[in-house]
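Novice: Below is one structure. I have some questions about it.
The values are calculated or read from the model by the stated rules, or taken from the named source; none is laboratory data. All figures in this text were calculated on a predicted structure; none of them were measured in a lab. Neighbour counts run over all protein chains shown; Cβ positions are idealised from the backbone, glycine included. For accessibility, only protein heavy atoms count, side chains too; no ligands or nucleic acids. Shrake-Rupley method; radii C 1.70, N 1.55, O 1.52, S 1.80 Å.
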Amino acid sequence: MRSRARICSLLLLASAGVMVSPGPAAAATFTVNTSADNPDAAVGDGACATVGGQCSLRAAVDEANFDATADIITLPAGEYHLGATGGDLDISQPLTINGSGTATTIIDADDNDRVIDVLGVSVSVSDVTIRDGTGDFGGGLQIDGSLTLSRVDVRDNVANDAGGGIYLSTNGSLTVTYSTISGNKASN
């Protein structure tokens, strides 16, 4: 009788465990520790890590795009050059990018592609310089979502069509505080 009661208790516990669902994922903070432009080795594992085990800006964006939590990327002083093969940083989930200041934290597309493309989500960028991007619409930034720039320098970007520094789609919104947008060019 006791063993039967134990089996029933274990079955009840097991079934209760099956009914328990995990809560929402917690927001992650990724701290970049390399200026190399390498992708994340295992997107979705919760760790910002390239094949070499470092956390690049691109790997951090890859991981942040995996789920809908509003993650944070801490970007230390340095120049972060986006390689020709990786393209722009497509941001498809809510994200905050915090640099160390416009004079010391620079995201540079090296005239290969635009720098950042905001894809229908809310993004906040602070204390960085965004430069040397190129694209049809928005050399530096293309926004089809919500973007807040605070203490950001957007400069020396080129658009083949419209929005040299920033292109704001009809679905986008932009808030700019304590920032400089200069030296950008567009054909239209």
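Novice: Within the accessible area of segment 80-151, what % is carbon and sulfur when the probe is 1.4 Å and the other protein chains stay in place?
Specialist: On the way: 980 of 2300 Å².
After summing per-atom areas, the C and S share lands at 42 percent.
Novice: Along the Cα-to-C-beta direction of residue 103, a point sits 7 Å from the Cα; which residues of segment 162-182 have their amide N less than 17 Å from that point?
Specialist: Those under the cut-off are 179-180.
Novice: Tell me the mean residue ellipticity at 222 nm calculated for the chain from its helices only (DSSP H runs of n ≥ 4, each -39500 (n - 2.57), averaged over every residue, nearest 500).
Specialist: -4500 deg cm²/dmol
Novice: Per residue of segment 151-158, in order, report the coupling 6.51 cos²θ - 1.76 cosθ + 1.60 (Karplus, θ = phi - 60°) as ³J(HN,Hα) in whole Hz, putting x for Gly and Pro.
Specialist: Rounded to whole hertz, the list is 6, 10, 10, 9, 8, 6, 9, 9.
Novice: Applying 1/(1 + (r/R0)^6) with R0 = 30 Å to the Cβ-Cβ distance of residue 136 and residue 45, what FRET efficiency is obtained, to the nearest 0.05?
Specialist: 0.30
Novice: Counting other Cβ atoms within 10 Å, keep those with at most 15, restrict to DSSP loop, and tell me which chymotrypsin sites (Phe, Trp or Tyr not before Pro) in segment 90-188 are left.
Specialist: Filter output for segment 90-188: 178.
Novice: Any idea of the accessible area per residue across the chain, 1.4 Å probe, to the nearest Å²?
Specialist: For the chain, the per-residue accessible area is 50 Å².
Novice: Also: First measure r as the distance between the Cβ atoms of residue 161 and residue 85, then evaluate 1/(1 + (r/R0)^6) with R0 = 25 Å and state the FRET efficiency to the nearest 0.05. The partial results should precede the final answer.
Specialist: On the way: r = 24 Å, r/R0 = 0.95.
My answer for the efficiency is 0.60.
Novice: Next question. At a threshold of 8 angstrom on Cα-Cα distance, excluding pairs fewer than six apart, so keeping six or more, what relative contact order does the chain reach in percent?
Specialist: So the answer I get is 13 percent.
Novice: What shape does the chain take by its C-alpha gyration tensor, where a ≥ b ≥ c are the square roots of the eigenvalues and a/c under 1.5 counts as rounded, a/b above b/c as prolate, and the rest as oblate?
Specialist: prolate
Novice: Additional query: R0 = 25 Å: FRET efficiency of residue 27 with residue 176, Cβ-based, nearest 0.05?
Specialist: Here the calculated transfer efficiency is 0.55.
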